[in-house]
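A short worksheet on the structure shown next.
The values are calculated or read from the model by the stated rules, or taken from the named source; none is laboratory data. Owing to the predicted nature of the structure, the values given are computational and were not obtained by experimental measurement. Here the Cβ positions follow ideal geometry from the backbone for every residue, glycine too, while neighbour counts run over all protein chains shown. Quick note on the areas: whole protein, heavy atoms, side chains included, nothing else; ligands and nucleic acids left out. Shrake-Rupley method; radii C 1.70, N 1.55, O 1.52, S 1.80 Å.
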Amino acid sequence: MRKRYFLIMTAAFIIELFITYLVALLFSVRIIEVMFFTGVVLSVIILFFTSSGGIISNMSSAEISARTGIMQKNEPFIFKRGPIFMASILLLIIGLVLFILLIQGVIPPA
């Protein structure tokens, strides 16, 4: 099971790095300059799609209850930490470290 977890995590990390590379090409900057920001965006998107319940679900239930008059039970927020989310957090952390080093001047500007 652990081998499969790390295989999925590695594949997700490589795909996220490829997405970061494409964003860097689009904006004509180095990959380390956008790695943190793509890590944040990907983490939020993956968290939104892999978790259940939450604000969006409660808003949808309240809207349906207001239209129909039928009270619905709210689903509790369940955070599912999987290998894809952990890969995006890893990208975020590595990007944060590189961005801090870039701001501090340890990594020279282009």
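Data for the structure
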item	result
The chain, accessible surface, carbon-and-sulfur percent (1.4 angstrom probe)	75 percent
FRET efficiency, S28 to L96 (Cβ-Cβ, R0 35 Å, nearest 0.05)	0.95
Nearest 10 degrees, 0 to 90: helix 2-27 Cα axis against the chain principal axis	70 degrees
Relative contact order %, the chain, counting alpha carbon pairs below 8 Å whose residues are six or more apart	40 percent
Anisotropy class of the stretch 1-56 from Cα gyration tensor, a/c 1.5 cut	oblate
Gain in span if fully extended, M71 to A11, counting 0.36 nm per residue against the direct Cα distance	17.3 nm
Principal-axis tilt of helix 55-68 within the chain, Cα atoms, nearest 10 degrees	30 degrees
Signed unit charges on C-beta, dipole axis of the chain, positive-most listed residue V106, M86, L42	M86
Descending Cα extents along the principal axes, the chain, whole Å	61, 35, 24
Between 0 and 90°, nearest 10: helix 31-50 axis offset from the chain longest Cα axis	20 degrees
Accessible area in square angstrom per residue, the chain, 1.4 angstrom probe	72 Å²
